[in-house]
Amino acid sequence: MKIAVIGGGAAGMMFSTQYKKANPDHEIFLFEKSPYVAWAGCPTPYYIADELSINDVVLGTAEDFIKRGVNVKINHEVTDIDFKNKTLNVAGNEINGIFGYDKLVLAVGAKSFIPNIKGYSPKLDNIFTLSHAADAIKIKEYITKNKSTLKNALIAGAGFIGLEVAENFKKLGLNVTIVEKAGEILPSISENLKKGIYNEIKERNIDLKLNAGVTEIISENCIAKSVKLDNGETVNFDIALFSIGITPNIEFIPQQLETDKGKIVVNDKFETNISDVYAIGDCIFNKYYNTDRNLYAPFGDVANKHGMLLAKHLSGQDIHWKGLLRSFATSFYDIKLAQTGLSLQEALDLGYNAEKIEMRAMYKNSGFADSVPAHTEIIYDKDKKVLLGGAMAGKEAVAQFIDQIAIVITLETPIEKFIDIDFAYSPTNASVWNPLLVTYRKVIK
């Protein structure tokens with residue numbers, strides 16, 4: 001068996017190593033068009049600000065994986081695929097031309113995009129996107145080279161990456177302006193839980209402009225100088241990050257492959273509509289857990305799960321990818337934010353008899369001077385008495401609390417069973433009243 005893998009990010013590397021471990025006699029060729037494999041996107045904003053090293057972003061070298069039996073070919077770009085004849089057209093120094101395969105794994109990931117904005121050119125030296133380790137390295141190199149002249153930074157887009165990069169640009173001493181076309185940040189989170197983020201933005205002297213999409217980029221000699229916004233304002237800057245959205249890297253893939261809204265469609269075994277072709281990672285549509293609803297979730301932990309499960313499937317195990325709950329966590333300075341499952345409005349729109357419970361969650365005894373409550377919202381089905389979602393904003397243990405909620409949603413644990421869970425407690429480590437126990441008290445009468 002000869003398996004070709006396109007893409008050396010989390011999904012591609014996890015699949016390749018796990019499959020080779022289970023099938024040492026089979027050949028795996030992995031093609032990565034950049035110099036980097038096994039890279040992680042989430043740490044990149046903190047690498048840019050020198051809070052993490054390059055080893056926290058690029059987790060291994062091609063040589064590391066070659067020693068484990070994977071034929072890793074960096075700086076090799078797949079430019080075309082012939083599904084009928086099972087061949088790739090590869091451009092590289094070791095393999096250059098037609099390459100045949102028995103099975104093909106598409107782990108091509110996704111990239112940030114800049115929409116059709118007047119005045120934009122990829123040749124502008126000081127406008128960046130961030131979706132790959134290579135992007136982070138370019139940004140850091142530009143800042144290092146021009147640090148004496150960089151004063152003002154622009155962030156277009158107030159999503160996870162936009163906010164995290166804004167924080168880290170500020171830590172580097174830059175004046176930061178965030179422009180967001182929508183009227184809010186992080187739209188799946190309620191306004192109540194986002195108050196801390198808004199307050200932190202204000203206290204850190206970061207200028208946030210909502211309802212402010214970019215309509216034009218003004219440049220001179222390949223250096224962007226300012227943007228014009230659809231609210232009539234002009235913002236000057238020395239460096240800019242466009243973090244408006246991401247789209248899968250599938251433009252080179254023939255149209256026989258089934259896609260939906262630019263994402264590859266797969267079944268619960270990661271099979272595409274083409275025989276012996278599979279897709280994993282940020283390039284595919286997932287399903288919302290145990291439903292037929294499409295959900296796009298370009299997260300590193302999800303990509304790793306994809307790679308692991310596909311390796312099991314192609315090794316003969318009976319696996320089924322059931323989807324996910326869109327669990328995520330992020331932070332902005334001291335404020336940590338996490339969510340899983342449905343928001344109240346999403347649950348109502350889907351026809352659930354849903355209700356929201358609001359509470360304060362403590363990660364230690366409230367008497368300690370540094371004990372700060374986390375604001376919590378839990379969504380539940382009033383008929384079935386099960387959880388549908390949860391979100392939390394605070395300074396500690398937020399992701400861990402949300403993980404507990406994700407577990408009981410996944411296992412469809414009735415709220416009445418929460419009283420049976422034996423939670424750990426000590427004044428310095430946990431509250432007597434875990435949020436799930438509070439939910440039990442409020443729902444089960």
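Checking the stated criteria, Ile284 turns out not to satisfy the condition of being among the hydrophobic types (A, V, I, L, M, F, W, C) and open to solvent by 60 Å² or more (accessible area, probe 1.4 Å). Number of residues in region 386-437 that are under 23 Å from Leu348 (Cα atoms), of a type in the set (Val, Ile, Thr) and touching a helix residue (DSSP H, G or I) at 6+ places or on another chain (Cβ under 9 Å): the value is 5.
Inside region 352-363, can you point out the residues that are in a loop (DSSP other than H, G, I, E, B) and at pLDDT 95 or above? Listed by number, the residues that qualify are Tyr352, Asn353. The strands (runs of 3 or more DSSP E) falling completely within region 160-258 that include 1 or more residues that are closer than 30 Å to Val108 by Cβ and modelled with pLDDT of 95 or more map to 175-179, 214-220, 223-229, 239-242, 246-248.
Checked against the criterion of being out of contact with any strand residue (DSSP E or B) (no Cβ under 7 Å at 6 or more places or on another chain), within 30 Å of Asp102 (Cα to Cα), among the charged types (D, E, K, R) and surrounded by fewer than 18 Cβ atoms within 10 Å (Cβ to Cβ), the candidates Lys364, Lys312, Lys384 yield just one match: Lys312. Taken over region 81-103, the criterion of being touching a Ser or Thr at 6+ places or on another chain (Cβ under 9 Å) and in contact (Cβ under 8 Å) with a residue 40 or more places away in the chain is satisfied by Ile81, Phe83, Leu88, Val90, Phe99, Gly100, Tyr101.
Of the residues Asn168, Asn199, only one is open to solvent by less than 20 Å² (accessible area, probe 1.4 Å), of a type in the set (S, T, N, Q) and closer than 26 Å to Asp334 by Cβ; which? Only one candidate passes the filter, namely Asn168.
Report, by residue number, each residue of region 300-351 that is in a strand (DSSP E or B) and either in contact with a His (Cβ under 6 Å, 6 or more places away or on another chain) or on the phi < 0 side of the Ramachandran plot (or both).
From region 300-351, those in a strand (DSSP E or B) are 324, 328-332, 335-341; that's our starting set.
Leu324, Phe328, Ala329, Thr330, Ser331, Phe332, Ile335, Lys336, Leu337, Ala338, Gln339, Thr340 - these are the residues of region 300-351 that are in a strand (DSSP E or B) and either in contact with a His (Cβ under 6 Å, 6 or more places away or on another chain) or on the phi < 0 side of the Ramachandran plot (or both).
Test Lys194 against the criterion of being surrounded by fewer than 17 Cβ atoms within 10 Å (Cβ to Cβ) and charged (D, E, K, R), and give yes or no. Spelling it out, it is not the case that Lys194 is surrounded by fewer than 17 Cβ atoms within 10 Å (Cβ to Cβ) and charged (D, E, K, R). Residues that are crowded, with 19+ Cβ neighbours inside 10 Å, in contact with a Gly (Cβ under 9 Å, 6 or more places away or on another chain) and small (Gly, Ala, Ser) within region 143-162 comprise Ala156, Gly157, listed in sequence order.
The values are calculated or read from the model by the stated rules, or taken from the named source; none is laboratory data. Please read all numbers here as calculations on a predicted model, not as lab measurements. For neighbour counting, all protein chains shown are included, and Cβ atoms are generated from backbone atoms with ideal geometry for every residue, glycine included. SASA here: full protein model, heavy atoms, side chains in, ligands and nucleic acids out. Shrake-Rupley method; radii C 1.70, N 1.55, O 1.52, S 1.80 Å.
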